[in-house]
1. When you go through A73, A23, A11, A64 one by one, which is the residue that is farther than 29 Å from L93 by Cα, at pLDDT below 95 and out of contact with any Gly (no Cβ under 7 Å at 6 or more places or on another chain)?
2. Would you mind telling me which numbered condition in (1) farther than 25 Å from T27 by Cα; (2) among the hydrophobic types (A, V, I, L, M, F, W, C); (3) modelled with pLDDT under 95 A88 fails?
Amino acid sequence: MKNLAGLMKQASQMQSKMEEMQARLETMEIEGESGAGMVRITLNGKGDMRRIQIDPKIVDPADAEMLQDLIVAAHRDARAKADATNKAEMQKLTGGLNLPAGMKLPF
């Protein structure tokens, strides 16, 4: 029974750490860019968009498609960075736990 009590304590500690990590991710700001920085998108660590900045020099009403492509590319860049940050934070949290491949927390 000592093992069960210890396991429950570890689970409780991990849940607290998970909640702390989620709060940290919510306050993080991760920026992605495209067009040599002419379009910038800022996401939080959870992937929610916070800001979009567009250099007025690239706003051409005759070529809206290019601007749309740059926005999508900047979002993709920011999302990849947010995902990498999220993965790194999760790695810190799980520490030495060897979770099976494909298993993600929270369950």
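1. Values: A73 fails: at pLDDT below 95; A23 fails: farther than 29 Å from L93 by Cα; A11 fails: farther than 29 Å from L93 by Cα.
Only one candidate qualifies: A64.
2. Looking at each condition in turn, A88 falls short on (1).
The values are calculated or read from the model by the stated rules, or taken from the named source; none is laboratory data. Quick caveat: nothing in here was measured; it's all calculated off a predicted structure. As a convention, Cβ positions derive from the backbone with ideal geometry for all residues, glycine included, and neighbour counts pool all protein chains shown.
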